[in-house]
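The values are calculated or read from the model by the stated rules, or taken from the named source; none is laboratory data. Given the structure is predicted, the values throughout are model-derived calculations rather than measurements. Cβ placement follows ideal geometry from the backbone for every residue including glycine, while neighbour counts extend to all protein chains displayed.
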Amino acid sequence: MRSIYALIILLFCTATIMAAQETPKFELFGGYSFAHANTRPGSEHANMNGWNSSVAYNFNKWVGIVLDGSGTYSSRQVSEPFVIAFVCPTPTTCPPSISVSGEHAHDQIHTYSIGPQFSYRTESRFTPFAHVLFGGGYASHRTDFGGFRFAEANGAHVFTLGGGFDVRLNSLLALRTQTDLLQTHFFHNQHYGVRVSTGIVFRFGSK
């Protein structure tokens, strides 16, 4: 009887190890993204919130190719509203004061990139990875001031270097956190930004 129990425990441990070593054929990621970046020359870096998603195909347990997309957005008040008051000899001859709304800035950045992804897969549930992505993006900036609206937009190429780690929950799901350095060339100027993303990874198939 003890030998049967020992055999059952051995088979269970072997199955657990084999499941831990399995490499998913496809990985679909989606989640929240925070970026610190700027969209145009002379502007300050803005804190932006949005989404990040990717789909990866793994050739083996170490190397895969990933298609990545993201969108981050920011709206902030640049200056406070103010009032223009006129100085006149008598109050009855003065025109009424004019209220001017403050300046508000709105930024958007969308990116799409593709490139290799390198993973370090062991029996541990933690899987660190790194990727180098090349692609493009689209940035827009809008300023609202005093009832007027000024907008500009530009598309350019984007280079992404980053990585992170997955925490496997089971054979189908994992939690991911990653950090990326973005190099953009919007409006013919080189800019650097940082993007941090976290979310869920759906794992399909096995290698």
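So which of A151, A139 is free of Cβ contacts under 8 Å to residues at least 12 places away in the same chain and not acidic (D, E)? When all the criteria are applied, what remains is A151. Restricted to region 98-207, the set of strands (runs of 3 or more DSSP E) holding at least 2 residues that are within 20 Å of the chain's Cα centre (by Cα) and either loosely packed, with under 13 Cβ neighbours inside 10 Å or modelled with pLDDT of 95 or more (or both) comprises 104-119, 126-145, 148-168, 173-184, 191-204.
Taking strands (runs of 3 or more DSSP E) as the structural unit, those lying wholly within region 1-89 and holding at least 2 residues that are at pLDDT below 85 and not hydroxyl-bearing (S, T, Y) correspond to 63-77, 82-84.
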